[in-house]
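Please read the structure below before turning to the comments.
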Amino acid sequence: MLSSSKESQIRAALLGLAVGDALGVPVEFQSRAARQLDPVVHMRAYGTHHQPAGTWSDDASLTFCLAEAIADGFSLSKLAENCRRWYYHNFWTPHGAVFDVGIATREAIQRLHAGANPVMAGGRDEYSNGNGSLMRILPLAFYHEDFPVKARFQLIREVSAITHRHIRSAVACFLYLEMAAYLRAGLQPAAAYAQLCAASPAKLYELNIPAQEADYFEVILSGRLPDLPQQLIKSGGYVLHTLEAALWCLLRYETYPETVLAAVNLGDDTDTTGAVAGGLAGLYYGEAAIPAEWVQVLARRPDIENLAHRMAAGL
């Protein structure tokens, strides 16, 4: 299912993420019970943020900020400036205004604006482990593919630290990008997940991840995640729960639409769960698997496609 063209992979990943985000925006913060009574089955309008259909949020915006930095010859300072431009000058917003931003991300960008070093801008305590770096990290899958594992993790940690400096957020991003790498290599989701479970413990040990931090990822790396019932899958804003939910949806369902709709219909942080699951599902299933009626209403679709082209050229 995976295309061999790097540009087409980037397009599919960016569009897949943005569509998942946009499906979740109208029902963000609504409960799972509400979604069970009224499941999302198509691209809705208005709702929580009163936005037109196809509107993506900070998840896609900050993903595009990273893609822009890669297209422009990546540096942390360029990424930090893009994030600052987004928050203060509406760069890479769907309709010219920021309407949804997490507290930790807002505070970190305010620190950037005040002159903080990018790698010191994010919160570093254990309670600074929202999903705000995981939601935007996917473009790195194409940039650091040839780096040795320690260099990959160091870059991931620095990119995460712009908004989320705690090591747990960095490890979540690392495992997500490892899964993306296995999918890019042509493995089906179940095989990619098996490889993630088999290879990651040794990598985390090599990276000197404290055992007490690695233990937080036991549900994922044990191999039993896809067998868990839905009631054990949480879908709030905690980075670990978002990663678990996104992988669970990818592993339980067999098409792009089923995967992202399952993610959104978990409720709560619907746009981010949809985005994180949608990025991997888009990457694996390809752009053609994303329903045309969803892509056609996606805000700034030609700009996203152009960004994918420029990012591919910048690699």
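The values are calculated or read from the model by the stated rules, or taken from the named source; none is laboratory data. Note that this is a predicted model, so its numbers are computed, not measured. Note: ideal-geometry Cβ built from the backbone for every residue, glycine included; neighbour counts use all protein chains shown.
General observations
- Within segment 245-284, being of a type in the set (Asp, Glu) and over 15 Å from residue 21 (Cβ atoms) holds for 254, 258.
- Hits in segment 177-221 - residues which are closer than 17 Å to residue 252 by Cβ and part of a helix (DSSP H, G or I): 179, 183, 189, 190, 191, 192, 193, 194, 196, 197, 219, 220
- Test result for residue 235, of a type in the set (S, T, N, Q) and surrounded by fewer than 15 Cβ atoms within 10 Å (Cβ to Cβ): no
- Subset of segment 137-152 (residues that are within 9 Å of residue 173 (Cβ to Cβ) and in a helix (DSSP H, G or I)): 140
- Of all residues in segment 98-113, those satisfying the criterion of being surrounded by fewer than 18 Cβ atoms within 10 Å (Cβ to Cβ) and either in contact with a Gly (Cβ under 6 Å, 6 or more places away or on another chain) or assigned to a loop (DSSP other than H, G, I, E, B) (or both) are 99, 101.
- Scan of segment 75-100 for residues that are at pLDDT 95 or above and among the hydrophobic types (A, V, I, L, M, F, W, C), ordered by number: 76, 79, 80, 83, 86, 91, 92, 97, 98
- Pairs with Cβ under 7 Å, 6+ apart, first in segment 286-313 and within 24 Å of residue 254 (Cα to Cα), second among the charged types (D, E, K, R) and surrounded by fewer than 18 Cβ atoms within 10 Å (Cβ to Cβ): 295/301
- Conditions (1) assigned to a loop (DSSP other than H, G, I, E, B); (2) within 19 Å of residue 297 (Cα to Cα): number failed by residue 74: (2)
- For segment 227-247, residues that are under 19 Å from the mean Cα position of the chain (by Cα), of a type outside the set (D, E, K, R) and not in a loop (DSSP other than H, G, I, E, B) total 9.
- Of the numbered criteria (1) touching a residue at least 24 places away in the same chain (Cβ under 8 Å); (2) crowded, with 19+ Cβ neighbours inside 10 Å; (3) assigned to a helix (DSSP H, G or I), the one residue 93 fails is (3).
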